[in-house]
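Here's the structure we're looking at; comments come further down.
The values are calculated or read from the model by the stated rules, or taken from the named source; none is laboratory data. It should be emphasised that the depicted structure is a prediction, and the values quoted were computed from it without experimental measurement. Reconstructed Cβ throughout: ideal geometry from the backbone, glycine too, with neighbour counts over all protein chains shown.
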2 protein chains.
Amino acid sequence: MIARESLRWNGWGRLGESMHLTRAREAALLAELGRRLGRPIARAPEPVELDAIKLPPPKLAPEILARMRAACGEDGVRTSAFERVTHATGRSLPDLMRLRRGELDAFPEVVLYPAEEGAVAAVLRIAADANLAVVPFGGGSSVVGGVAPCFAPGQAGALALDTTRLDRLVRLDAESRTATFQAGIDGPSLEAVLAARGFTLGHFPQSFEHSTLGGWIATRSAGQQSDGYGAIDELLVCLRVVTPTGVIRTIEVPRSASGPEINQLLLGSEGALGVVVEATVRVHPRAERFDERGMLFRSFHEGVAAVRALRRAEIGVAMARLSDEGETELSLLLRRDPSRRFDPTATALGLTERFGYGAGRCALIYGAEGDRHAVRTAMFRARMLLLRHGGLPLGRGPGRSWRRDRYRTPYLRDWLLDHGVAADTMETALPWSRLEAGHDAIVRALQTACVRHAGGGLAMAHLSHSYLDGACLYFTILYPIDASRDLEQWAAIKRDATEAILAAGGTLSHHHGIGVDHKEWMTRERGVLAIEALRAAKSAVDPRGLMNPGKLL
Amino acid sequence: MIARESLRWNGWGRLGESMHLTRAREAALLAELGRRLGRPIARAPEPVELDAIKLPPPKLAPEILARMRAACGEDGVRTSAFERVTHATGRSLPDLMRLRRGELDAFPEVVLYPAEEGAVAAVLRIAADANLAVVPFGGGSSVVGGVAPCFAPGQAGALALDTTRLDRLVRLDAESRTATFQAGIDGPSLEAVLAARGFTLGHFPQSFEHSTLGGWIATRSAGQQSDGYGAIDELLVCLRVVTPTGVIRTIEVPRSASGPEINQLLLGSEGALGVVVEATVRVHPRAERFDERGMLFRSFHEGVAAVRALRRAEIGVAMARLSDEGETELSLLLRRDPSRRFDPTATALGLTERFGYGAGRCALIYGAEGDRHAVRTAMFRARMLLLRHGGLPLGRGPGRSWRRDRYRTPYLRDWLLDHGVAADTMETALPWSRLEAGHDAIVRALQTACVRHAGGGLAMAHLSHSYLDGACLYFTILYPIDASRDLEQWAAIKRDATEAILAAGGTLSHHHGIGVDHKEWMTRERGVLAIEALRAAKSAVDPRGLMNPGKLL
């Protein structure tokens, strides 16, 4: 079970964890950022302490609380400030801004920890009787406002339904290579259970360390190695979802043509239909070995062509992540060690320039995992293919950094906030034929948006999660925060970014989801009729609109 | 465009096409069948001619017909007996029984051939005004009653909306390897268009020669080489569907986390939400080469283990089809040539017995297609793996037969009906851990059902379409028809078969769909709530229930 006490209440991830930069690197990075953003970087106001946050008193009637205790146990009904604050937001940039200032719009009235399916159903009945919205809450790592304690006009408030006590392995079917878990299990616990039996799910999103299986399903999560293992929609076999009118369950078969796919109606449903309480997923033999390496390309264009060819060759590569020029330069900056007289990275890069890998160069990390032989073969074939496409090998170093930092990068955001710099990410997916033009247009729009709303900023991107017909583009922006209007500034930039993504023909999200932040654009992407069909399906199982209002639909 | 005149009006497939058995083989097969079914096989009553069928006069008002002509053109509005009869059924066993007797329950009032999306929308408006049900009709090869001209109480009748004039390539995106077609294009036309540009879709269901892209999508079709290319749900990128309240369209991106997947709500929707008018699909480079071979296993158990290992090895095999003992014996019977003194097949099989491949033996056909090198590698690795699992190579002969007969086998059904023998097929999917027990239980139940309702019969199966977590089982039964109650006999056997499949934990269909025939079991498989959610989604886009009533939901 996720120990909420071990997580930062007002930042990303685990207490004590960070990007682990040395002081010297931090200083160099800040100086360089200051140069690029056109202003010196100074420390931002200190974030408030948790107990400085003013919470409205919970307003639940004693008989409602008594029923909740009957369903979830004494310890499963919590109204402490810590619980209410840690269940009041996800981990989006505006969430962190609000938390740091201690100014939150809304809090759940109560946080409930049901430990079995029956208790979840009981909670939904109590919520209906008490006229409370229900916000399913797993790891709480949503970066799109997916767990905000919204409630509809006329509702008395919201309760957070924390699923993390639902964390058991229900059964493992080694012959079919499927595992059934209660859906509140977190990434490390799930992988530990599987590892003890020789298996892995292979689903490693950046939030892996503090997100849950049910959350992955509800948001259509994609792991960093989805090219090899598949994203969560490909890993899911069947599930159980408790809705206000009963349980939806799908059956454990590898495929069905019995009408529209119900799994796919629940994947990405973001708690708006019900609470995912159990899921059966496809597992793989535990990887014996992994290998990740770097390769440099002369341009993004060359790199994209290489990744596309790599994907099409179906070599068995699990991950290929191509940074564009801007991201390549920034990550080199992160690697440079100002305290060392002789910096091997800088020297190596100096050398590459002689071979034509200078301005515009783009770094690729690619990797495979699995059994010894398969990894060796895949990496050899990938290397040959990438060399043919103009790649310059950078060896294992970049791969090692990637693996070491795979869950760490988001911690940079908190450190940057400490210094008044905002870091935000957006993502989309595009077909290959529109990918480069889309990349250029969106990066340009992001840059323009930063200048317009923040007086300056950096925008960069990488390509990851590739498919036969296209790939995901993942954007990062950095801009100086105007503390007097940080949320307005963010909203204005977010609006421009989203418009640029839709204008390029991209989807609102490849793997972050919709939540509160993308909701107003949903009809643009899906069309009026599809949204009406989804709303009708929701009303059929949640006629009173209890489930996670204000998001998705 | 499918030339309906070139198809059998009361049987499977194309005029002039058959299983191409020699007279001697036919006679030997009938004698053997007679022995196995415990009664001599005699010719059944001759099927009636089309013009012997009594049709009720079409009852459409002249102004409605005029509006239809305005939408579809003079030639796009047809009320001839030929059109109404050929659009009155699909190609299920009971469909053929009714057609051969000339006793159909219902006919469409009119058959419309809209040639563009706007005309489809106009037809739906006219249907609403005339209070007519709309039955989308592609190739008409449904084997589950998916195109029966049902209409709801209170509706004035049904019209058939034939999509086959919607048969253009809209665009090819060679860089993204996607192709956009109007959805009424048939298999051979689609492959010809792609082949001319160096591509293939790789979707080859048994109905390939006379089924349509839209039909494949609406029924969640799986091609015979879906292990390599993926089934239609994996091939689909996006689509346009005309519903009575407007167009649902999805966007062309490789993946999205923008809520539940709308493509997946329309895949398998069987015309109950609207008419698929356009679809973008993933294409592959045209296969340079194909190679299919046979392998014999001592038992179904050994064969299943081999196929499972083959699937897990991800070697690049496009097809693996393992016949059980009963099907293996019957297919050997089909191959035996009674006119030859020296039958090489019989001799070879005699030899295999010496190696322990006697009673209980099971034949596997496996194959790969793609570029020369990939096919060679895949087939070599597959052979090594299968040998390790106890396989005895049968060489290329069985593979050649499979490819030659891949679309021909269903023609046997008509020939058997000529001789008073019914042949029907059912299919399901099961996880590996329940596959063998499920196979045994279902085959036993089918055999019992044939004895109980027909006094005898044969039941057999093969495994095909394998997945990491399970596979499809495809069952064939043969039984003597009691002409005085053929439909009742079929319905009783179908009921027992379906109950056995559900009892084994299987899905109602792996790739045939639901239609009329499986409808009553849908709630058992999906659960009340999921069905209510789907019905609500349907009502949102088709509030008056015009679209293909009586099927699916």
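Do we find that B:G457 is crowded, with 21+ Cβ neighbours inside 10 Å, more than 27 Å from B:L310 (Cα to Cα) and touching a Phe, Trp or Tyr at 6+ places or on another chain (Cβ under 6 Å) in this structure?
yes
Among the numbered criteria (1) closer than 30 Å to A:S339 by Cα; (2) buried (at least 19 other Cβ atoms within 10 Å of the Cβ), which single criterion is violated by A:E17?
Condition (2) is where A:E17 drops out.
Kindly list, by first and then second residue, each pair from a residue in region A:239-250 that is more than 7 Å from every other protein chain (Cβ to nearest Cβ) and of a type in the set (G, A, S) to a residue that is buried (at least 19 other Cβ atoms within 10 Å of the Cβ) and part of a strand (DSSP E or B), limited to pairs with Cβ atoms under 9 Å and residues at least 6 apart or on different chains.
Close Cβ pairs satisfying both conditions: none exist.
If we scan region A:379-398, do we find a residue that is under 22 Å from the mean Cα position of the chain (by Cα), under 18 Å from A:Q206 (Cβ atoms) and not acidic (D, E)?
Within region A:379-398, none of the residues are under 22 Å from the mean Cα position of the chain (by Cα), under 18 Å from A:Q206 (Cβ atoms) and not acidic (D, E).
Report whether or not B:V193 is of a type in the set (V, I, T) and not in a loop (DSSP other than H, G, I, E, B).
Judged against the criteria, B:V193 is a match.
Considering only residues of region A:424-446 that are polar (S, T, N, Q) and under 20 Å from A:Q206 (Cβ atoms), which is farthest from the other protein chains (Cβ to nearest Cβ)?
A:T425
Check off (1) surrounded by 20 or more Cβ atoms within 10 Å (Cβ to Cβ); (2) at the interface with chain A (Cβ under 10 Å from one of its Cβ atoms) for B:W521 and give me the number that stays unchecked.
Failing condition for B:W521: (1).
Condition first: touching a Pro at 6+ places or on another chain (Cβ under 7 Å) and within 27 Å of A:L412 (Cβ to Cβ). Now tell me which residues in region A:71-98 satisfy that.
Matches in region A:71-98: A:H87, A:A88.
Inspect region A:503-523 for any residue being at pLDDT 95 or above, farther than 22 Å from A:A272 by Cβ and not in a loop (DSSP other than H, G, I, E, B) and give the result as yes or no.
Yes - at least one qualifying residue is present in region A:503-523.
If a residue must be of a type outside the set (A, V, I, L, M) and crowded, with 24+ Cβ neighbours inside 10 Å, how many such residues does region A:541-553 contain?
Qualifying residue count for the region: 2.
Taking region B:224-238 only, how many residues are more than 7 Å from chain A (Cβ to nearest Cβ) and in contact with a Pro (Cβ under 8 Å, 6 or more places away or on another chain)?
The number of residues fulfilling the criteria is 1.
State yes or no: is B:L552 assigned to a loop (DSSP other than H, G, I, E, B), touching a Gly at 6+ places or on another chain (Cβ under 8 Å), at pLDDT 95 or above and within 7 Å of another protein chain (Cβ to nearest Cβ)?
Answer is yes for this residue.
Only one of (1) in contact with a helix residue (DSSP H, G or I) (Cβ under 9 Å, 6 or more places away or on another chain); (2) without any contact (Cβ under 8 Å) to a residue 12 or more places away in the chain is not met by B:P188, so which one is it?
(2)
For A:G438, are the conditions met, namely being more than 30 Å from A:R14 (Cβ to Cβ) and touching a residue at least 40 places away in the same chain (Cβ under 8 Å)?
Criteria met by A:G438.
Filter region A:100-117 down to residues that are in contact with a helix residue (DSSP H, G or I) (Cβ under 6 Å, 6 or more places away or on another chain), surrounded by fewer than 23 Cβ atoms within 10 Å (Cβ to Cβ) and over 30 Å from A:R485 (Cα atoms), then give me how many there are.
0
Is one or more of the residues making up region A:405-422 among the β-branched types (V, I, T), away from chain B (no Cβ under 14 Å) and surrounded by 23 or more Cβ atoms within 10 Å (Cβ to Cβ)?
Looking through region A:405-422, at least one residue is among the β-branched types (V, I, T), away from chain B (no Cβ under 14 Å) and surrounded by 23 or more Cβ atoms within 10 Å (Cβ to Cβ).
In this structure, is B:L478 within 12 Å of chain A (Cβ to nearest Cβ) and modelled with pLDDT of 95 or more?
Here the answer is no, as B:L478 does not meet what is asked.
I'd like the residue in region A:191-210 that is farther than 21 Å from A:R171 by Cα and not charged (D, E, K, R) and, out of all such residues, is nearest to the other protein chains (Cβ to nearest Cβ).
Here the answer is A:P205.
Which residues, counting only those in region B:524-540, are crowded, with 23+ Cβ neighbours inside 10 Å and within 7 Å of another protein chain (Cβ to nearest Cβ)?
Result: B:E525, B:R526, B:A530, B:A533, B:L534, B:A537.
Is it the case, given these coordinates, that A:T523 is within 20 Å of A:E270 (Cβ to Cβ), touching a residue at least 60 places away in the same chain (Cβ under 8 Å) and either in contact with a Phe, Trp or Tyr (Cβ under 8 Å, 6 or more places away or on another chain) or among the polar types (S, T, N, Q) (or both)?
no
Would you mention how many residues in region B:458-475 are within 12 Å of another protein chain (Cβ to nearest Cβ) and of a type in the set (G, A, S)?
4
Being over 29 Å from B:I315 (Cβ atoms) and either within 14 Å of another protein chain (Cβ to nearest Cβ) or β-branched (V, I, T) (or both) narrows it down to one residue among B:A483, B:A503, B:A491, B:A454; which is it?
Being over 29 Å from B:I315 (Cβ atoms) and either within 14 Å of another protein chain (Cβ to nearest Cβ) or β-branched (V, I, T) (or both) holds for just one of B:A483, B:A503, B:A491, B:A454, which is B:A503.
Look at region A:116-170 and say how many of its residues are without any contact (Cβ under 8 Å) to a residue 40 or more places away in the chain, assigned to a loop (DSSP other than H, G, I, E, B) and not basic (K, R).
Residues in region A:116-170 being without any contact (Cβ under 8 Å) to a residue 40 or more places away in the chain, assigned to a loop (DSSP other than H, G, I, E, B) and not basic (K, R): 3 in total.
Give me the residue from region A:442-456 that is among the small types (G, A, S) and without any contact (Cβ under 8 Å) to a residue 60 or more places away in the chain and, out of that set, farthest from A:E488 (Cα to Cα).
A:A445
Test A:E292 against the stated conditions and say whether it is touching a residue at least 40 places away in the same chain (Cβ under 8 Å), in contact with a strand residue (DSSP E or B) (Cβ under 6 Å, 6 or more places away or on another chain) and under 30 Å from A:R361 (Cβ atoms).
Taking the combined requirement at face value, the residue satisfies it.
Name the single residue that is nearest to the chain's Cα centre (by Cα) among those in region A:341-378 being modelled with pLDDT of 95 or more and of a type in the set (D, E, K, R).
Going through the qualifying residues, I end up with A:E369.
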